[in-house]
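Below: one structure, written as structure tokens.
The values are calculated or read from the model by the stated rules, or taken from the named source; none is laboratory data. What you see is a predicted model, and the numbers here were worked out from it, not measured in a lab. Don't worry about glycine lacking a Cβ; one is built from the backbone with ideal geometry, like all the others, and counts go over all protein chains shown. For the accessible areas, the whole protein counts, side chains as well, though only heavy atoms, and no ligand, DNA or RNA atoms are used. Shrake-Rupley method; radii C 1.70, N 1.55, O 1.52, S 1.80 Å.
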Amino acid sequence: MSGQIRINEAYCVELGRTVSITEARRAYFSLPAPRARFTFQCPDSGCLALDEPPTITGVNYSSLPTDTYRAAHFRDPGVGHAVDCPWQADEATTDIAPASEAETKDREAKRKLHDFINEFDPAPAGRQVGTQDVGGADTDRLAQNRRGDMGVGKGESFTNRNRTKSFERLVEYYRNAAELDKEEFFSLQLKVAGEGEMPLISYFPNVSKAHPGQPKRVIHGGARLEPRKDAGFMLWFMDRIDGKGVYLKVTNQEMEAYRFRGYFNDTLAQETADYFRIFALGRVVLSETGKSYRLEVQDLNHLTLYAVTKKQPDEQGG
Ligand SMILES: [Zn+2]
């Protein structure tokens, strides 16, 4: 493995901004079919100023993610960069701060991943003032571009590259990290803006471990989709809390106002899906009837779904 820094964001020519691979995927699935693949370039301002900015390859972003893990990521062929491009620096020389044993373990584990997050900011992305407008997709987009919530802007600080507001990028990082060996996975630390540092795993409780009154966490688990009648959808988790069922409901109005609804629709429409794996930043509340729990998610950018397909009986081998 080269000591070169793994590129975790790229400038997307078609979108006109710098994105992480998960943002590229949501944007891709929000295009009407047939979809054309995006062109990515090195996001460094020096590289973008070149006559031919270096091309970056986007891997696996144009397929819907399933629970059979194939991490979407950027691959940098490493050619044609500007001389002082920070993405071309030697990774070993960037960790200059002395580290404790725990910090060293954390860093070593992170180096094995396509991308990693040191700090996550859970503040809602692109929150609008006077938010009831159902056709607010464009307003939302403008708000997001302005605030840079869809990835860092052109030429923005390189040193912030492992700090993000992107929930989906955080989830992809978690899923990729879950493939490390257990000791490495458990050693990963995450700083959450407004809360401080904690083990990554404690920010991601399984739904059976969630409880009302808990601070917002990334609650996750397998869930089954209720038959859809309209734009919205409802999923019931397979795990329970205190013997009560737990559901997640997205209303018609929320879906209609959501810019990336096409991505949810395509994911939920996969006919081979037996159930869905859900990651949602929120908290559980007792439902009005008191007979079940509802997982409350305030921002659909804080929800992500993966189709889970059980192995077909006639499928051969591993
Ligand atoms: Zn570059």
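See the values below:
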quantity: Residue 285 being surrounded by fewer than 14 Cβ atoms within 10 Å (Cβ to Cβ), assigned to a strand (DSSP E or B) and in contact with a strand residue (DSSP E or B) (Cβ under 6 Å, 6 or more places away or on another chain); calculated: yes
quantity: Some residue of the stretch 164-176 being under 21 Å from residue 305 (Cβ atoms), open to solvent by 30 Å² or more (accessible area, probe 1.4 Å) and of a type in the set (A, V, I, L, M, F, W, C); calculated: no
quantity: Test: residue in the stretch 19-41 that is of a type in the set (Lys, Arg) and open to solvent by less than 60 Å² (accessible area, probe 1.4 Å); calculated: yes
quantity: Residue match in the stretch 251-258 (condition: β-branched (Val, Ile, Thr) and crowded, with 16+ Cβ neighbours inside 10 Å); calculated: no
quantity: The stretch 44-54: number of residues that are surrounded by 15 or more Cβ atoms within 10 Å (Cβ to Cβ) and either of a type in the set (Asp, Glu) or within 27 Å of residue 266 (Cβ to Cβ) (or both); calculated: 1
quantity: Selection count, the stretch 24-72, where residues are in a strand (DSSP E or B), touching a His at 6+ places or on another chain (Cβ under 9 Å) and at pLDDT below 90; calculated: 0
quantity: Test: residue in the stretch 253-273 that is closer than 23 Å to residue 118 by Cβ and either free of Cβ contacts under 8 Å to residues at least 40 places away in the same chain or in a strand (DSSP E or B) (or both); calculated: no
quantity: Strands (runs of 3 or more DSSP E) wholly inside the stretch 194-252 that include at least 2 residues being over 26 Å from residue 164 (Cβ atoms); calculated: 217-225, 233-237, 245-250
quantity: Criterion violated by residue 225 - all others in (1) touching a strand residue (DSSP E or B) at 6+ places or on another chain (Cβ under 8 Å); (2) surrounded by fewer than 15 Cβ atoms within 10 Å (Cβ to Cβ) satisfied; calculated: (2)
quantity: Subset tally (residues that are open to solvent by less than 10 Å² (accessible area, probe 1.4 Å) and out of contact with any Pro (no Cβ under 9 Å at 6 or more places or on another chain)) for the stretch 259-275; calculated: 3
quantity: From the options 259, 283, residue that is on the phi < 0 side of the Ramachandran plot and under 16 Å from the mean Cα position of the chain (by Cα); calculated: 259
quantity: Candidates 70, 26, filtered to the one that is basic (Lys, Arg), more than 16 Å from the ligand (Cβ to nearest atom) and either in the same structural domain as residue 279 (by TED's automatic domain parsing) or over 23 Å from residue 112 (Cα atoms) (or both); calculated: 26
